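Read-outs throughout are calculated quantities, based only on the coordinates presented, and are distinct from any laboratory measurement. Please read all numbers here as calculations on a predicted model, not as lab measurements. Don't worry about glycine lacking a Cβ; one is built from the backbone with ideal geometry, like all the others, and counts go over all protein chains shown.
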Amino acid sequence: MTQIVSYFPKYRTGRPPKSNRTMFNAILWIARNGAPWFELPKEHGSRKLFTATFVYDVTASC
């Protein structure tokens, strides 16, 4: 987990984010199943929140 911490930036405003482990598990689930975002199980949290967080993280790293 320490190797990927730098890929999850700290948030400064708004609602506290989901744990990095939850977000990472959701990314792995999508990659393993080849499923679209809208099929993400509820155990990984809100699909809308996850997608927005993922898109923000990707664009912030560019």
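Summary table
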| item | result |
| --- | --- |
| Filter result (outside any helix (DSSP H, G or I), more than 13 Å from residue 24 (Cα to Cα) and of a type outside the set (Gly, Ala, Ser)) within segment 39-54 | 41 |
| Flag for residue 31 being exposed (fewer than 15 other Cβ atoms within 10 Å of the Cβ), more than 10 Å from the chain's Cα centre (by Cα) and part of a loop (DSSP other than H, G, I, E, B) | no |
